[in-house]
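This report concerns only the one structure given below.
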2 protein chains.
Amino acid sequence: MFEKQIYIARRNRLRDKVGSGVVLIPGNTESPMNYPDNTYHFRQDSTFLYLFGLDIPGLFGIIDADSGNDTIFGDDITMEDIIWMGTKPSVKDLAASVGVKNTLPFKELFNSSAHLKDNRIHFIPPYRAENKLLLQEITGIQASLLSTYSSMELIRIMVEMRSAKDREEIAEIEKACETGFKMHLTAMKMAKPGVMEQEIAGTIEGIAHAGGSGTSFPTILTQNGQTLHNHDHSFKLEKGRLMIVDAGAESNMHYASDFTRTIPVGGQFTQKQLDIYNIVLKANNTTTTLIKPGETYLSIHLKAAEVIASGLKELGLMKGDVHEAVANGAHALFFPHGLGHMMGLDVHDMEDYGQIHVGYDDEIHPINQFGTAYLRFGRRLQKDFVITNEPGIYFIPALIEQWEKEKTNNTFINFSKVKDYLDFGGIRLEDDILVTETGARILGNRIPITPDEIGLLQ
Amino acid sequence: MFEKQIYIARRNRLRDKVGSGVVLIPGNTESPMNYPDNTYHFRQDSTFLYLFGLDIPGLFGIIDADSGNDTIFGDDITMEDIIWMGTKPSVKDLAASVGVKNTLPFKELFNSSAHLKDNRIHFIPPYRAENKLLLQEITGIQASLLSTYSSMELIRIMVEMRSAKDREEIAEIEKACETGFKMHLTAMKMAKPGVMEQEIAGTIEGIAHAGGSGTSFPTILTQNGQTLHNHDHSFKLEKGRLMIVDAGAESNMHYASDFTRTIPVGGQFTQKQLDIYNIVLKANNTTTTLIKPGETYLSIHLKAAEVIASGLKELGLMKGDVHEAVANGAHALFFPHGLGHMMGLDVHDMEDYGQIHVGYDDEIHPINQFGTAYLRFGRRLQKDFVITNEPGIYFIPALIEQWEKEKTNNTFINFSKVKDYLDFGGIRLEDDILVTETGARILGNRIPITPDEIGLLQ
């Protein structure tokens, strides 16, 4: 937990911005795996963490902009709890530790419904079914309509507050990066022919739990990297394949890291792999040099796409004018996703608020073209934003087949040549970047990324 | 997945037993951590796994006892899914692999509501809020009332079917035991003074993911073992403390293991620790010799309590007649939980059905006395039941203080002596046991348990 002044200041800032009404901030409850008492690792809601800092289940925060009062609802523990779960501070003491004076038993939340109905209420769209049921009960709004009636005003304010990271937050992200570094180095060392993907994925997940709160998202670790978010770990690594690892950790305070590396199983790239690898590496390095306050990430995404298209043209996989090819989205056959996303308390920061509200604004609108449409973050960069830089090149047989059949972008794609790559897989290289006053800083120790650095590890 | 004949046979057996009506078996959906698309490891519902075997989210099974038809509802993947998540077999092919001929798109489930309302429907109490909302919509029963209107008939049938384990199931449990063995051996070797609990807990969680589907329940690993289910891993191990590790794995098919060991940080027991340890070890070993078909686990629990009370009397911590002490529940100051529980597809097998329906029956009723009231499983043992054997002794300061103040069982407890143990912590020793034709078999390689075996590891 940060010092309580930080949470007090955040809540006061929110109260000032929202002006009037009542802000409801539900904490998360435990999430059952296969029966009520067998739960996943508890993950507190990020908005609750940001404003109230308390990392335990069963709490609910209310910020009243009219009265100026904050209240935490929650229940103290019983003797039975002490025997099974240990002693815990009282809700009163917990609340005091983050500067909240008022506490009430959880059931009082339901008695405050009448009060709530007289006021403008603000809440973020709930993403857990438990909180949908709870908000339905408190607000009287049907669960399926809660998203519609969530507060755009609150969303805009929270995005504004959480986009630029505090010094303390950046320090936490760097802790998560340190754990991420260990995870990736271990994966690289383990990537020998004959090893099961699951063996490596499990081991690095263990490193994430040993060093913090576990992984920041489900680990992608596969020799079938042509699938962008492949969570299948059932294959045995084969010599000649490329292993993609897209994985990150959470610090104990739930700040994220998110890195991708791609290495040849057994340590040696073939020339064909190296040619593609170097294009992705160039796109990644170019991106880092372009990032600075005032640039839009959409324009940098398109520059990275040009580096990719240009490299693929040199290899004879694409043809025609590179600029025109990117304008037509031809690169997206190979680079069908966005260059990156914001990162903070969530690995896709604030994605529960709605991606479009985090990544776009009145100035920069999303582009509705296959590939770039997946860019999660396009707007103008500001100092202390943290974003990922993750270009990639993939050969997705089903997509190639479809485009060839439908003659999509066939003035820019050399399909006959592309077919030599159907069993290639994919390559993605991802760093976490802090936008500084004048440019960009790669967060954490950069994980080995040049072919030489990778070769030394095997 | 097992062979499809197994699933066909199970569904036919269920259909025969239920006789008429429609059985609803919702599969689980993904469970979000901090925003909708950032999900925990997928855990399929155990009843769905038992009857339909398919381990992917977004499926719903219906077993129609009137028509004799089984149907799986689910959606095929799109090109977008292929790009992001990879190719997958069609729902039709998946269903065929477990012997189900009829499949329908998921949305058809809502069109079948009318049909459902004309029939007696059976469902298990839902434990995930997503499935509560879904069943509310399909059945028309309000979410908060679903548990009340769940089917006792279906619960009784499923308990009957799932209690004795098939040969194939036992083989899966043994795989989970193998992973559990590695977890515990690693923890024992890491338990040096100065190491963080989190470091060890995370590492063994990684072993569970590397060897199967992860941990079967949240790992308990603490030098404060007086708290029975202590999930706090924030302490640095200190010389002289006892580290309790209660942890198990799931096999890739989600069968569980569940073991507890307690070892001295740094490897050497003090005489005081050894005296208590040997009582718990004796209770554990005695239990294994008593387990056989026809015995009730309630009676064995009480025998283990007698071993404990008798040992504590020898040390001067208890006094008076041992038999009488146990009858009065005096042992529960030190052994406040049950001797064990069923284990299978769930670590507390079928706990979502309601513990009382799994652990008790018309013959053996739960005992409403502090300590024994927590015994999850009391009924008569049968061949091929799998149960845990987990006696323990703890010194819980808050409980000791309460009992002394209220003079609870003070004819059997030597409180002045007990106070020398307030900083002792706790000891628990747990094996997984298969009830055989004539007795008991410890599943897996037994994890080192004698003081000599433990000493050799450090």
- Task: Arrange the peptides A:167-179, B:205-217, A:354-366 so that the one whose residues have, on average, the most other Cβ atoms within 10 Å appears first.
- Result: B:205-217, A:167-179, A:354-366
- Task: Would you list, by chain and number, the aspartates and glutamates whose Cα falls below 19 Å from the Cα of B:LYS282, excluding same-chain residues fewer than 8 positions away?
- Result: B:ASP246, B:GLU306, B:GLU314, B:GLU390, B:GLU430, B:ASP431, B:ASP432, B:ASP452, B:GLU453
- Query: So, counting K/R as plus one and D/E as minus one, what does the shell of residues with Cβ under 11 Å around B:MET190 add up to?
  - Reply: 0
- Mind checking the full-extension length gain between A:LYS17 and A:ASP166? Use 0.36 nm per residue of separation minus the Cα-Cα distance, one decimal, nm. 51.8 nm
- B:THR411 versus B:LYS189: modelled label distance in nm, points set 7 Å from Cα along the beta carbon direction: 5.3
- One decimal, nm, nearest first: from B:ALA164 to the same residue in each other copy, label points 7 Å out along Cα→Cβ, the values are 7.1
- Item | Residues A:SER97, A:SER151, sorted so that the one with the fewest Cβ neighbours within 10 Å comes first | A:SER97, A:SER151
- If R0 = 41 Å, then B:ASP37 and B:LEU145, at their Cβ-Cβ distance, give a FRET efficiency to the nearest 0.05 of 0.85
- Message: Averaging the inverse of every distinct alpha carbon separation and then flipping it gives the Kirkwood radius. What is it for region A:257-307, in angstrom units?
- Response: 12.6
- Let me have the 222 nm mean residue ellipticity of chain A computed from DSSP H runs of 4+ only, each contributing -39500 (n - 2.57), with the sum over all residues rounded to the nearest 500. -11500 deg cm²/dmol
- Determine the shape class of region A:167-457: with a ≥ b ≥ c the square roots of the Cα gyration tensor eigenvalues, call it rounded for a/c under 1.5, and otherwise prolate if a/b is greater than b/c, oblate otherwise. oblate
- Message: At a 10 Å Cβ-Cβ cut-off, how would you order A:LYS165, A:LYS282, B:LYS417, fewest neighbours first?
- Response: B:LYS417, A:LYS282, A:LYS165
- Of every Cα-Cα pair in region A:4-163, the percent that sits beyond 21 Å: 46
- Item | Spin-label model distance (nm) - B:THR289 vs A:THR78, 7 Å beyond Cα toward Cβ | 3.9
- Query: Taking the label point 7 Å from Cα in the Cβ direction, how far apart in nm is A:PHE106 from each other copy of itself, listed shortest first?
  - Reply: 2.8
- Query: So, with +1 on the Cβ of K and R and -1 on the Cβ of D and E, and no other charges, what is the size of the charge dipole of chain B about its Cα centre, to the nearest 20 debye?
  - Reply: 820
- Query: How big is the Rg/Rh ratio for region A:313-386, C-alpha atoms only, Rh by Kirkwood, two decimals?
  - Reply: 1.06
- Item | Most to least packed among A:298-311, A:368-381 [average Cβ atoms within 10 Å] | A:298-311, A:368-381
- Note on the structure: Within 10 Å of the Cβ of an average residue in A:83-91, the count of other chain Cβ atoms is 5
- Taking only C-alpha pairs under 8 Å that are 6+ residues apart, what is the relative contact order of chain B in percent? 14
- Residue-span extension gain [B:LEU315 to B:ASP66] - 0.36 nm each, minus C-alpha spacing: 83.3 nm
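What does the average come to when, for each residue of peptide B:268-281, you count the partner chain Cβ atoms lying within 10 Å of its Cβ?
For this peptide, the per-residue mean of nearby foreign Cβ atoms is 0.
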- Note on the structure: As straight-line cross-link partners of B:LYS107, the qualifying lysines (C-alpha separation under 18 Å, not fewer than 8 residues apart within one chain) are B:LYS92, B:LYS117, B:LYS132
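For B:252-260, what's the mean count of beta carbons from other chains sitting within 10 Å of each residue's beta carbon?
Across the residues of B:252-260, the mean count of other-chain Cβ atoms within 10 Å is 1.
I'd like the FRET efficiency for A:ASN102 and A:ILE367, computed as 1/(1 + (r/R0)^6) with the beta carbon distance as r and R0 of 60 Å, rounded to 0.05.
Values: r = 47 Å, r/R0 = 0.78.
Plugging the Cβ-Cβ distance into 1/(1 + (r/R0)^6) gives 0.80.
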- region A:24-57 scanned against label point 7 Å out from B:HIS357 along Cα→C-beta; backbone N under 17 Å for A:34-37
- Sorted from largest down, give the three principal axis spans of the alpha carbons of region B:273-363, whole angstrom values. 42, 26, 24
- Pairs of alpha carbons in region A:240-324 whose separation is greater than 23 Å (percent): 40
- Task: Please label the shape of region B:183-313 as rounded, prolate or oblate, based on the square roots a ≥ b ≥ c of the eigenvalues of the alpha-carbon gyration tensor (a/c under 1.5 means rounded; beyond that, a/b larger than b/c means prolate, else oblate).
- Result: oblate
- Most packed first (mean Cβ within 10 Å per residue), the peptides A:316-328, B:389-401, A:240-252 order as A:240-252, B:389-401, A:316-328
- Message: Using +1 at the C-beta of Lys and Arg and -1 at the C-beta of Asp and Glu, which of A:ASN131, A:MET188, B:GLY202 has the Cα lying farthest in the positive direction of the dipole of the protein assembly as shown?
- Response: A:MET188
- Most exposed first, judged by fewest Cβ atoms within 10 angstrom, B:TYR297, A:TYR421, B:TYR255 run A:TYR421, B:TYR297, B:TYR255
- Message: Starting from a Cα-only point model with no solvent, please compute log10 I(q)/I(0) by Debye for region A:105-203 at q = 0.24, 0.25 1/Å.
- Response: -1.18, -1.23
- Message: Please compute the modelled spin-label separation between B:ASN278 and A:GLU137, points set 7 Å along Cα→Cβ, answer in nm with one decimal.
- Response: 5.3
- Under-24-angstrom lysine pairs by C-alpha in region A:383-453, whenever the two are 8 or more apart or on separate chains: 4
- For the protein assembly as shown, what class follows from the C-alpha gyration tensor (a ≥ b ≥ c being the square roots of its eigenvalues): rounded when a/c is under 1.5, otherwise prolate if a/b is larger than b/c, else oblate? prolate
- Query: In the structure shown, do any of B:LYS272/B:LYS292; B:LYS189/B:LYS236; A:LYS4/A:LYS292 have a Cα-Cα gap over 23 Å, and if so which?
  - Reply: B:LYS272/B:LYS292; A:LYS4/A:LYS292
- Message: Ratio of alpha-carbon Rg to the 2.2 N^0.38 Å globular estimate for region A:1-46, to two decimals, please.
- Response: 1.65
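Laboratory data are not the source of any read-out in this text; all were calculated from the coordinates shown. Here the structure is a predicted model, which is why all the values come from computation and not from measurement. Every residue, glycine among them, receives a Cβ derived from its backbone with ideal geometry; neighbour counts consider all protein chains shown.
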